[in-house]
1. Report the paramagnetic label zone for Ala123: residues of segment 40-70 whose backbone N is under 18 Å from a point 7 Å from Cα along the Cα-to-Cβ axis.
2. Work out how much length Val346 to Lys10 would gain on full extension: take 0.36 nm times their residue separation and subtract the Cα-Cα distance, in nm to one decimal.
3. Between Gly268 and residues 5 or more places away or on another chain, which pairs have amide H atoms under 5 Å apart, with H built 1.01 Å from N, and which residues are they?
4. Give the aspartates and glutamates whose C-alpha is closer than 19 Å to that of Lys158, dropping any in the same chain fewer than 8 places away, or say none.
5. Which whole-number percent gives the relative contact order of the chain, counting Cα pairs below 8 Å spaced six or more residues apart?
6. Of Gln59, Pro185, Ser43, whose Cα points farthest to the positive end of the dipole of the chain (charges on the beta-carbon: +1 Lys, Arg; -1 Asp, Glu; origin at the Cα centre)?
7. On average, how much accessible surface per residue is there in segment 2-220, in Å², for a 1.4 Å probe, leaving out ligands, DNA and RNA?
8. Give or take rounding to whole Å, what are the principal axis extents of the alpha carbon atoms in segment 245-359, in descending order?
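The values are calculated or read from the model by the stated rules, or taken from the named source; none is laboratory data. Just so it is clear, the model here is predicted, and its values are computed rather than measured. Note that we place each Cβ from the backbone using ideal geometry, even for glycine, and neighbour counts take in every protein chain shown. When the accessible area is computed, the model is the full protein with side chains, heavy atoms only, and any ligands, DNA or RNA have been set aside. Shrake-Rupley method; radii C 1.70, N 1.55, O 1.52, S 1.80 Å.
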Amino acid sequence: MRAVILVGGKGTRLRPVTYDIPKALVPLRNQPFMGYMVDFLRSGGLDGAVLSLGYLPDQIQAYFASQDLDGFSIDYAVEDYPLGTAGGIKNAERYLDGGTMVVVNGDVLTGMDLGKAIERHKATDALATITLTSVEDPTAYGLVEVDHEMLVHRFLEKPAYDEISTNLVNAGVYVLEPEVLEMIPADREVSIEREIFPELQAQGRLYAYVSSSYWKDIGTPRSYLAASNDVLSGAVGAREDFEYLDVHPSTQVGKNVKLLPPVSIAEGCEISNGATIGGRSSLGLGCRVGERAVVESSVLLDGAEVEAGAVVRGSIIGPRARVGHGAIVRGMSVLGAGCVVGEGNVLDQGIRVNPGVFVPPRSLSF
Ligand code: GTP
């Protein structure tokens, strides 16, 4: 069985990170997100996937070309313009084998039992099974109401508190029969959530599978950082060789440096005397942390630099970005590629967008 991985979105909520890196490739514990996705699909017994691409497709193709996937086959269906979540599946049809398929949003990190979801799907007359997960604050999501037989009977989009009847939300992993492809018009933007699922629900052919396993979408700075923390802590996606102190042997470590696990430090990093790295942080390729600087619960992307005496807490520092001498970056701040926070400055809950990128007002969010 094959999957369609939807990775065509622009990832606007994760800007400015996604100006340079497609959401599919943002690193978790220094491994591009797609690595976890392939592991997840494999865990469900799948033997290949079609990448449904549109935004920054070359980077994603280059990543897969560099990987030894040990027999897991990959094809690419690239869109000339965004076809939406159902249009992206339709566009991948030529690479599918005409049987049952799995579809997954390319920003979902989960430990759910995919094999069981497929098994449950096959035990019903469903044309589609939508996986659900429970969330603490359902007001930010589209809710899915099911009956005692797991038949979906209502969708509720971002409800007010007094309308909340369930805390189950769409987990972004589906099992579909090939007949669903016939319901999707070709060559135009179509949303599976808003157009196809309601039609299947009306026909009584849409079932749900509820998972209580780990689930997070990595679509906002907050959820990306949380997912990074969870992967570093081994809560999800851990492989057999998991180490809490995942430090590349090439790392140059000065005197009196504190590395507090769990941390992940990629090749070519330099940590100067008296610096502290810890509290669930990851440093990408060639990062530099200056004397007595502190990096905590943060992600430093490739080539980022934190100068002497600076502090970075709970934030994302983009590729080649720089936090100046004695500066403080905290509170879920995000620096885009090449951004600089000047010496002694404080950035709290702030976003700095890559030099040269024009940003329309209110197009960034947490
Ligand atoms: P935001 O702009 O932040 O909402 O991100 P997004 O559009 O990238 O993600 P969203 O959560 O809205 O979409 C869910 C999944 O569908 C993501 O993995 C997207 O990459 C993917 N997706 C969204 N739109 C398209 C599209 O037009 N074509 C394809 N192939 N995939 C899409």
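1. Once the point is set 7 Å along Cα→Cβ of Ala123, 44-45 turn out to lie under 18 Å by backbone N, inside segment 40-70.
2. 118.0 nm
3. Here Ser250, Thr251, Gly286 satisfy the definition.
4. Result set, ordered by chain and number: Glu136, Asp137, Glu145, Glu193, Glu195, Asp217.
5. 14 percent
6. Gln59
7. About 42 Å² of surface per residue is accessible.
8. Answer, in whole Å and largest first: 39, 23, 19 Å.
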